[in-house]
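The values are calculated or read from the model by the stated rules, or taken from the named source; none is laboratory data. This is a predicted model, so every value here is computed, not measured. Glycine gets a Cβ as well: all are built from the backbone with ideal geometry, and neighbour counts include every protein chain shown.
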Amino acid sequence: MDQTKEQNDDYGYNLFPERKKSKYQKGSIGESLFTFSHKCQIMLHVAMETNPYAKVLLGALKNSGCAVYKDRHFSCEDCDGTVSGGFDATTSQIVLCQNNIHQQAHMNRVVTHELIHAFDHCRAHVDWFKNFKHLACSEIRAASLSGDCSFSNELARFNFGLKKHHQKCVRDRATRSILAVRKISKEEAVKTVDEVFDSCYNDHEPFGRIPHSKKDARFAYRDFENRDRYYANL
Ligand SMILES: [Zn+2]
C-alpha cells in the first residue's frame with residue numbers, strides 16, 4: 001500500500017469551508033447572539049465544565065503540557081455535509097460544526113472525540129497527513145473512547161453481545177472517518193484500520209478503560225484525579 005500518495009488530497013478541508021477564510025474573521029457580537037454560534041459556545045462550555053469524559057481529557061492534556069483553552073483551541077463553524085467536528089492539526093484547533101450539532105449529548109461526544117485526537121497529537125508525533133496508520137489509530141481510539149459506539153448498547157446487547165458490537169462499530173466509524181477526509185479507496189481504509197486495530201483499540205489512555213457510560217467516565221475521572229494526587233505527593 002502506498003501511504004504517501006497525495007493526488008490533490010485536500011485532507012478534508014472541503015468539509016470545513018470556514019477554515020479557508022482568513023483566521024479570526026468572525027461575525028460581530030451582535031450577529032452571534034441567539035445564533036447557532038452562540039448556542040454552540042454555550043454547549044461547549046457545558047461540555048468542558050460538566051462532562052466527565054471531556055474533563056479527563058482536558059486534565060490529561062494539561063498534564064502533558066498541552067493545556068486546552070476554550071477561546072484559542074475551539075472554533076464553532078458552519079460545516080458541509082453531515083460532519084459534526086474535526087481536529088485541524090495545522091492550527092491545533094478543534095472545529096465544532098454549529099450547524100450540525102443541536103443537542104448537548106451530541107456536543108459532549110464531539111468534544112470528547114476531538115479531544116482524543118488533540119491528546120494523540122500532543123503525546124505522540126502523529127503524521128496526520130501522510131501516514132494513514134497514524135490517522136487510523138487515532139480514529140479507532142476516538143470512536144472507542146468517546147462513547148460514539150456506546151450509544152446503542154442497550155439494543156446491541158440483545159443482537160450481538162456488547163463487546164462484539166462495540167468493536168464492529170469502532171471499525172466502521174474509524175473507516176468512515178478516514179474516508180471522509182482522505183482520498184483513498186474503501187478497501188485501503190478497511191485494510192489500514194485492520195492493521196492497527198488491536199494495538200490501538202487496546203490503548204485506553206488517558207481513561208485506563210473503555211468508558212461505556214457517564215458513570216464509567218466519572219470513575220475514570222476519579223482515578224485520574226487520584227493518580228494526579230499520588231504524583232503530587234512523590
Ligand atoms: Zn475523528
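A few notes on this one:
- From the list 212, 204, the lone residue that is modelled with pLDDT under 85 and part of a loop (DSSP other than H, G, I, E, B) is 212.
- If you go through the stretch 195-208 and keep only what is acidic (Asp, Glu) and touching a helix residue (DSSP H, G or I) at 6+ places or on another chain (Cβ under 8 Å), you end up with 195, 203, 205.
- Scanning the stretch 122-132 for residues being in contact (Cβ under 8 Å) with a residue 12 or more places away in the chain and either away from the ligand (no atom under 15 Å from the Cβ) or not β-branched (Val, Ile, Thr) (or both) gives a total of 7.
- Per the listing 145, 135, 115, the residue uniquely within 16 Å of the ligand (Cβ to nearest atom), surrounded by 23 or more Cβ atoms within 10 Å (Cβ to Cβ) and without any contact (Cβ under 8 Å) to a residue 60 or more places away in the chain is 135.
Rundown of residues vs (1) crowded, with 19+ Cβ neighbours inside 10 Å; (2) away from the ligand (no atom under 15 Å from the Cβ); (3) at pLDDT below 90, yes/no style:
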residue	(1), (2), (3)
161	no, yes, yes
169	yes, no, no
185	no, yes, no
216	no, yes, yes
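- Leading residue by the ranking (farthest from the ligand (Cβ to nearest atom)) among those in the stretch 60-108 that are in a helix (DSSP H, G or I) and in contact (Cβ under 8 Å) with a residue 40 or more places away in the chain: 63
- Residues (under 21 Å from residue 146 (Cβ atoms) and of a type in the set (Lys, Arg)) located in the stretch 177-193: 182
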